[in-house]
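Q: Before we start, here is the structure in question, set down as structure tokens.
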């Protein structure tokens with residue numbers, strides 16, 4: 001049985017749930033910090049695996065989030081075991097907290113941390129209160145090793161401080177950056193997806209060794225645009241169970257730069273200090289969208 005090098009346990013996450021995961025050659029792992037293009041990348045991979053559909057079910061069911069404590073891990077693993085097609089799995093866990101397989105593919109997605117934080121604030125502010133309470137109570141009942149309370153979801157400045165202190169994005173990217181350049185690890189940036197979705201989808205397809213049909217390709221790309229995803233929320237997930245406002249809240253804006261009108265000079269200086277502390281200069285430049293990946 002696999003045991004993690006490092007345990008990541010929270011009200012929502014628990015990477016020990018990977019212990020009984022049974023890998024298959026060719027498995028695809030979408031590895032992102034929260035709000036860095038996770039669902040976008042899952043949608044892209046799904047479109048590549050099932051060109052223009054139909055898919056076996058909503059993306060969140062076909063590509064489950066193993067770390068999440070939303071449902072019993074036995075149910076998640078049973079659903080994965082029943083799949084006969086090539087599988088993809090979502091994770092928000094850093095690289096030292098999940099199993100690594102030489103014959104699997106790992107897609108690591110990054111985004112400027114300030115943009116990710118603004119999106120995460122909206123995400124947390126709109127989680128269904130019933131879900132939040134259920135997760136908290138179950139964590140207490142299971143005596144999980146939790147530290148600190150829930151994030152402040154009504155004040156962006158308090159939330160930014162909480163987010164920086166937690167190092168959520170930085171631990172994730174820093175651990176995955178140690179695998180940068182490995183043949184089965186691909187780094188994708190949120191900004192590049194926005195700038196040229198066609199090119200990035202082709203890049204992901206090459207990495208996954210998935211051939212393309214040029215006759216259906218424009219439709220596939222259109223389905224993976226922000227507008228294309230918002231037009232088909234039922235194919236992605238049942239958002240209402242988790243978010244006030246459903247898909248309109250979860251698939252919010254997909255824009256960058258909102259932090260410029262919200263965060264103070266002192267907060268931005270502290271952000272720069274945390275980046276310098278946690279990331280190499282090369283990694284920091286990539287995360288800020290200032291340099292292309294080398295793979």
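Each reported figure results from applying straightforward, stated rules to the coordinates on display, with no laboratory input. Just so it is clear, the model here is predicted, and its values are computed rather than measured. Cβ coordinates were reconstructed from backbone atoms using ideal geometry, including for glycine residues, and neighbour counts include every protein chain displayed.
Q: How long are the semi-axes of the ellipsoid equivalent to segment 15-287, from square roots of 5 times the Cα gyration tensor eigenvalues, in whole Å, largest first?
A: Here the semi-axes work out to 27, 23, 20 Å.
Q: For segment 1-40 and segment 50-112, what is the separation of their C-alpha centers, rounded to whole Å?
A: When both Cα centres are located, 8 Å separates them.
Q: Rounded to the nearest 0.05, what FRET efficiency do residue 71 and residue 234 give with R0 = 25 Å and r taken as the Cβ-Cβ distance? Could you check?
A: After rounding, the FRET efficiency stands at 0.80.
Q: Please give the contour-minus-distance gain from residue 290 to residue 52: 0.36 nm per residue of separation, less the Cα-Cα distance, rounded to one decimal in nm.
A: Value of the extension gain: 82.4 nm.
Q: Measuring from label point to label point, each 7 Å out along Cα→Cβ, what is the residue 182 to residue 261 span in nm?
A: With each label placed 7 Å out from Cα toward Cβ, I get 4.2 nm.
Q: Can you tell me the length gained on complete extension of the stretch residue 154 to residue 3, counting 0.36 nm per residue apart and subtracting the Cα distance?
A: 50.7 nm
Q: Need the full-extension length gain, residue 166 to residue 272, defined as separation in residues times 0.36 nm minus the C-alpha distance. One decimal, nm.
A: Additional length available on full extension: 36.6 nm.
Q: Using a basic spin-label model with each label point 7 Å from the Cα along Cα→Cβ, how many nm lie between residue 143 and residue 100?
A: Rounded to a tenth, the inter-label distance reads 3.4 nm.
Q: With 10 angstrom as the radius, rank 264, 219 by how many other C-beta atoms surround their C-beta, starting from the fewest.
A: If I rank by nearby Cβ atoms, fewest first, I get 264, 219.
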